[in-house]
Amino acid sequence: MDGAIRVVYVDDEPGFADLAPELLESETDRFSVESVTSADEALDRLDGDVDCVVSDYDMPEKDGLELLETVRGSHPDLPFILFTGKGSEEIASEAISAGVTEYL
């Protein structure tokens, strides 16, 4: 899709990982969303053309903040949206300090 905004969506919950791309792509035909279920899978996708990462915070092995810090090391300008249902001021502060584009 020419002019597509390529998004990597990261969530360890398979139900959300399946549903979120459908919802995002229904917002505009410019979104092309690939869903993965781990931070490591997301990092593997960064070798290709990616315009944005949308990641859950609470994941096993490597959480969203750790993913953000790794992404910032190799892709400092890549938009990164971190979301969580278990947020706190501490997590928000860490995310902002690490260079998150948006925190929800």
Selection count where residues are loosely packed, with under 15 Cβ neighbours inside 10 Å and touching a helix residue (DSSP H, G or I) at 6+ places or on another chain (Cβ under 6 Å), scope segment 14-69: 0
Tabulated pairs, segment 14-33, first more than 18 Å from Arg45 (Cβ to Cβ), second loosely packed, with under 12 Cβ neighbours inside 10 Å and aliphatic (A, V, I, L, M), C-beta under 8 angstrom, 6+ apart or interchain: Asp29/Met1; Arg30/Met1
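In a helix (DSSP H, G or I) and at pLDDT 90 or above: is that true of Glu34 in this structure?
no
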Selection within segment 70-101 - surrounded by 14 or more Cβ atoms within 10 Å (Cβ to Cβ) and charged (D, E, K, R): Arg72, Glu94
Residue match in segment 83-90 (condition: part of a strand (DSSP E or B) and touching a residue at least 12 places away in the same chain (Cβ under 8 Å)): yes
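The values are calculated or read from the model by the stated rules, or taken from the named source; none is laboratory data. These numbers come from a predicted model, not from an experiment. Positions of Cβ are backbone-derived with ideal geometry, glycine not excepted, and every protein chain shown enters the neighbour counts.
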